[in-house]
Amino acid sequence: MAFVVPSSSENSPLSAASDTESVTSSEESEFDADEFRRNLFLELENVGNGSFAASGFLPAINPGLSIAGLGKVGLPLSDRDAVELCRICHQAPFGKGSETFVDTSVRKTWELNADQVAFRNPLWRQIEDQAVANATEQLGIIDGPATIRAELYKLLLYEPGAFFETHRDTEKAPGMIATMIISLPSEHVGGEVALSLGNQKQTLQTEVGSEFETRYLAWYADVNHAVKPVISGHRLVLTYNLVRQDASTKKIQEPSVLYDTAKNIRSAISRWALACGDECMDSRMLYMLEHEYSEANFGLANLKGKDQLRARHLTDAAKGNDVCVYLAHFEHAKSGGCDDGGDYDNMEIHEIIDEYDSDWKMKTLFTPEGAAIASELELNAEEFLGEVEFPDGPDDEEYEGWTGNEGANTTHFYRRSCIVMFPRSERGAIISGAESVAIDKWSQIVLEESEANMEEDAELIWDELERISAKAAGTKNPPMTIVDPKPIVDVALRRRDPVLLKLVADKSLGIEIFKRIGSSMRGANTKDWTPTIEKALSQVSPGRKRLQAIDNYIGGFRNADKNDTGGLDTAAALEKSMIKSLPEIWKYDKDETAGDAEVLVLLSRRYTQHFITETLLPLARKSSNISFVTAIAKGVREQSRLGHVDREVATEFCIKSLNSLVFMIRESCPHLNNERQARKSVRVGDESVELRWLKHMPHEPAMSAQRFVDLLRTCGELEMDIIAEKLFDLLVQISWRVGFPVFDDFLFPILGDLPLAELPHAQYRRLFQQIFRSFIDGYVGKQPAKPKDWQRKPCGCACAHCTNLDRFLRSPKRETVSIAIPTAQRKHLEKRLQQTDCKVSTDSTNGVPYELVVTKVEGNWRKNLPAWQERQRQASRLVEKLGKDKVWPMLGDNYGELMAAVGLSGKAPPGLEQNANIITMGPLTEVSQSQADSRGNKRPHDELDDENDPSSKRARREVGVVDLCDQDD
């Protein structure tokens, strides 16, 4: 495959002229993409001259070693001091994963912590610095020893037989890139360090001249190494962590041979940047790093040896070519069959015999600074420059033994690090398939670098925000409210750029971000920002969230600059404009709360009467949320008491808002507006229908007795007697049209919970007696009477056959009759008899016409009696739960009659016989029934009157007439 790139006059496939003109020359030649990638790989492989390990001798200076708890220790180390030193030391552990173990079959060494070791010779610091300088030069750390700090970690003492199996050093400090040891004078044989990095191997010794010489060894932290057993003597070493302090970003000063390599790499990246739009050329290139890196210490500044030099060359080449150089951790998984016939107890990895699957995955993508921005991205092996090899073998495996039908299988996992290069224009495509994205960090990077393409980059980020939100919501088209544009807003505020904020102002911004917007206005020209902020605020819904957003913005602005009077005036004007829009958007709000009401009441204090009548009252009248409306009403009344709101305005507000609430409650009750449903409810007590109203009030949590009582209590607190009367009448009307579930869950609990101290006694007793009578007469009913004789109600029509049948039915003595009758007439009589207590059969023994046999039975009575008895039992349980001591004073002279109706004793409870507060109300059956009948068929506007007419209200209160439908629009 091939693609067209600008040609170069150089012979090397990667060579190019030293200036831009030659790269962008109109002269073109066809280039082979595979050859191009291969040559770029070779150029990168030739970079650098450092090694993965280093060693050398140091000046023979006595450090003046002193050990806490032991004192001075002479050097070379004597056998006597070695024994004493062992007594002070502890056995050295080793790490495995996140755990630490002591196992002398893996590591047999004595150690002391750094805080137990001191050096009395002040010149020893110079020896340490020289060791660091030599090691950094040999390791190829291109920024030199000035950027490396040596931290003493341990003192180690190896006796004869001591060793440490192959391992890799953990990164013990942020920025640690290598380990260095200084071997102090102590005669020994053995103890050499065997190191390996990929295919490279090296062995470093300390035994030569060990009695009198001081030697340093160093290697990168990811290098595998082992300490071979000490054969004789004692090996005494100091271990140091080499930590990078502040890597320089200055341009690398290279020898001429490296300069040529760098020039060729720059030319190659320029050509690739131009050609990557061609379908034959990948838009992403990866180069595997030589060393391994943890997530904590991954970044261009923390790369080791040749890795860092190569990354510097690529970063330098990317500048001016709109190419990004990032870092990544990747994973390669190979699966296949394996041999299950041997003893694998001592084998860490099972060898794959028959590979059947291979997968590549970019686990984490990092910025050049080392910030993780995306994870779990798709990866193709062909994207790597050169062959990817894993000479150290897999890092982990998942093994499945033989299962009977299938042989043993295993999956090997290889985890390494790499450089990732891609055109800046591909930033969105690079992370589009990621499982997760650090969107804040990624957005900051994209927008901070953006100048000419600000709008395009903002849209790129928004597209990614929508993708992430859609994935989180499990839908392709997420609601805008779950997309958080905070990353774009943060950059806009940091850059003080209203144009950038305008790009997302029509999105749904989170309410908390407006506090940041307000506080960022310090010293800004608010007139430039106001149109954009107003647009952003107008997108916030529901109403309570817009209120919070406005409050956050104004509060943040005031806290930022209290002396900016002009800006504050502009902000206040914006606030008033936004407040005016609240009634329109609040009608879509489905879950107002008492907390929302508190915010609105505070605003009423700020904006006084106009806000109450023009904004607050429409909101309250459109809501059926009891907690919301009552909280607003109480809040407005309290503001009136404090003198912030006119008393007449507050009173009018309370009457209209609570009256609307009563109207909505009544309209939502199916028992008052659906006579068919009402009759069914009384007849069968359909629990699912009964409770549906209680559990599903419009826009309201489940209706409950406690909520209704709270509403009545609020009426008492606000002196809204007329509203309380409407609620009482509503309860009475409901009681004539419902079955047991509503009595049990709603009406009787209200009777038990009503605040007696806050209600007139006579008013409460009247409500109690009416609901109780409705319960007895309307639900329990009279006991079905057993027939005294065989007389039954006639059922026939005016025909001759029916006349004879009715004569039989009226007879108190005749129980059975047989009527020989043709088929048509027989079926006619059978149909008429369906509504009677008679058993009907046909006798054909005497031939045609067949005889109709009618036998009188006690069917309806026997059927109705158990149902009535069950209703009576339910009623008695309900009364006992309510408490006779509360029922008796309320029922007065009707107590005995009504208690007998539910099967309970009519005797007054002990201690209440002489209660002087009993007021006899007389029989209520006719009154209550007629009242229920008179109101049952009324429509909501049949009883409208002018609620602004004081005489009308006063007349209704005086005569006790309650208008449930008083709804002033």
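Out of all the residues in the stretch 781-811, which are buried (at least 16 other Cβ atoms within 10 Å of the Cβ) and in a helix (DSSP H, G or I)?
Matches in the stretch 781-811: 801, 802, 805, 806, 808, 809.
If you check residue 589 against the conditions, is it at pLDDT below 65, in contact with a Gly (Cβ under 7 Å, 6 or more places away or on another chain) and open to solvent by less than 10 Å² (accessible area, probe 1.4 Å)?
In short, yes.
Looking at residue 357, is it acidic (Asp, Glu) and closer than 23 Å to residue 264 by Cβ?
Against the criterion (acidic (Asp, Glu) and closer than 23 Å to residue 264 by Cβ), residue 357 does not qualify.
State all residues of the stretch 818-837 that are open to solvent by less than 40 Å² (accessible area, probe 1.4 Å) and under 30 Å from residue 783 (Cβ atoms); if no residue qualifies, say none.
833, 836, 837
Restricting to the stretch 616-635, and then to whatever is without any contact (Cβ under 8 Å) to a residue 40 or more places away in the chain and open to solvent by less than 10 Å² (accessible area, probe 1.4 Å), can you tell me which residue is nearest to residue 659 (Cα to Cα)?
Step by step, filter the stretch 616-635, then rank; the result is 629.
Answer yes if at least one residue in the stretch 649-667 is modelled with pLDDT under 80, acidic (Asp, Glu) and open to solvent by less than 20 Å² (accessible area, probe 1.4 Å), and no otherwise.
No, there is no match, as no residue in the stretch 649-667 is modelled with pLDDT under 80, acidic (Asp, Glu) and open to solvent by less than 20 Å² (accessible area, probe 1.4 Å).
Please identify the pairs in which a residue from the stretch 647-666 that is of a type in the set (Val, Ile, Thr) has its Cβ atom under 6 Å from the Cβ atom of a residue that is open to solvent by 10 Å² or more (accessible area, probe 1.4 Å) and assigned to a helix (DSSP H, G or I), counting only partners at least 6 apart or on another chain.
If the second residue must be open to solvent by 10 Å² or more (accessible area, probe 1.4 Å) and assigned to a helix (DSSP H, G or I), the pairs left are 649/609.
With respect to residue 408, is the statement that it is open to solvent by less than 20 Å² (accessible area, probe 1.4 Å) and touching a strand residue (DSSP E or B) at 6+ places or on another chain (Cβ under 6 Å) true?
Here the answer is yes, as residue 408 does meet what is asked.
Among the helices (runs of 4 or more DSSP H) contained in the stretch 594-653, which hold 3 or more residues that are more than 20 Å from residue 717 (Cα to Cα)?
Hits in the stretch 594-653: 594-611.
Name the residues in the stretch 241-279 that are modelled with pLDDT under 70 and touching a Lys or Arg at 6+ places or on another chain (Cβ under 7 Å), would you?
Once the filter is applied, which keeps residues that are modelled with pLDDT under 70 and touching a Lys or Arg at 6+ places or on another chain (Cβ under 7 Å), the stretch 241-279 yields only 252.
Of 848, 840, which residue is in contact with a helix residue (DSSP H, G or I) (Cβ under 6 Å, 6 or more places away or on another chain), modelled with pLDDT of 85 or more, open to solvent by 50 Å² or more (accessible area, probe 1.4 Å) and not in a helix (DSSP H, G or I)?
Exactly one residue qualifies, and that residue is 840.
Having 2 or more residues that are under 17 Å from residue 285 (Cβ atoms) is the bar; report the strands (runs of 3 or more DSSP E) wholly within the stretch 348-452 that clear it.
Result: 352-366, 372-378, 409-423.
Please name all residue pairs, on different chains or six or more residues apart, with Cβ atoms under 7 Å, provided the first residue is in the stretch 139-156 and is over 29 Å from residue 47 (Cβ atoms) and the second residue is in a helix (DSSP H, G or I).
Listed pairs, sorted by first residue: 152/114; 153/114; 154/114.
Keeping to the stretch 808-841, report how many residues are touching a strand residue (DSSP E or B) at 6+ places or on another chain (Cβ under 7 Å) and under 11 Å from residue 852 (Cα atoms).
Result for the stretch 808-841: 12.
Would you call residue 707 assigned to a helix (DSSP H, G or I), of a type outside the set (Ser, Thr, Tyr), open to solvent by 30 Å² or more (accessible area, probe 1.4 Å) and within 30 Å of residue 858 (Cβ to Cβ)?
Taking the combined requirement at face value, the residue does not satisfy it.
Could you tell me whether the stretch 323-340 includes any residue that is of a type in the set (S, T, N, Q) and outside any strand (DSSP E or B)?
no
Looking at 419, 439, 373, which one is within 37 Å of the chain's Cα centre (by Cα) and modelled with pLDDT under 80?
Going through 419, 439, 373 in turn, just one is within 37 Å of the chain's Cα centre (by Cα) and modelled with pLDDT under 80: 439.
Of all the residues that make up the stretch 62-91, how many are of a type outside the set (Lys, Arg) and touching a residue at least 24 places away in the same chain (Cβ under 8 Å)?
Adding up the residues that qualify gives 17.
Condition check: of a type in the set (Lys, Arg) and in contact (Cβ under 8 Å) with a residue 12 or more places away in the chain. Does residue 871 satisfy that?
Considered against the rule, which asks whether it is of a type in the set (Lys, Arg) and in contact (Cβ under 8 Å) with a residue 12 or more places away in the chain, residue 871 comes out as yes.
At least 1 residues that are open to solvent by less than 10 Å² (accessible area, probe 1.4 Å) and polar (S, T, N, Q) in each: list the strands (runs of 3 or more DSSP E) lying fully within the stretch 180-220 that qualify.
In the stretch 180-220, 214-220 are the strands (runs of 3 or more DSSP E) which contain 1 or more residues that are open to solvent by less than 10 Å² (accessible area, probe 1.4 Å) and polar (S, T, N, Q).
Just one of 319, 304, 334 is in contact with a His (Cβ under 7 Å, 6 or more places away or on another chain) and either open to solvent by 10 Å² or more (accessible area, probe 1.4 Å) or hydrophobic (A, V, I, L, M, F, W, C) (or both); which is it?
Exactly one of 319, 304, 334 is in contact with a His (Cβ under 7 Å, 6 or more places away or on another chain) and either open to solvent by 10 Å² or more (accessible area, probe 1.4 Å) or hydrophobic (A, V, I, L, M, F, W, C) (or both), namely 334.
Yes or no, residue by residue, for (1) within 57 Å of the chain's Cα centre (by Cα); (2) of a type outside the set (Val, Ile, Thr):
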position: 64; (1), (2): no, yes
position: 86; (1), (2): yes, yes
position: 89; (1), (2): yes, yes
position: 95; (1), (2): yes, yes
position: 101; (1), (2): yes, yes
position: 104; (1), (2): yes, no
position: 122; (1), (2): no, yes
position: 141; (1), (2): yes, no
position: 154; (1), (2): yes, yes
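The values are calculated or read from the model by the stated rules, or taken from the named source; none is laboratory data. Predicted, not measured: the structure shown is a model, and the values here were computed from it. Using ideal geometry, Cβ is built from the backbone for each residue, glycine included, and neighbour counts are taken over all protein chains shown. For the accessible areas, the whole protein counts, side chains as well, though only heavy atoms, and no ligand, DNA or RNA atoms are used. Shrake-Rupley method; radii C 1.70, N 1.55, O 1.52, S 1.80 Å.
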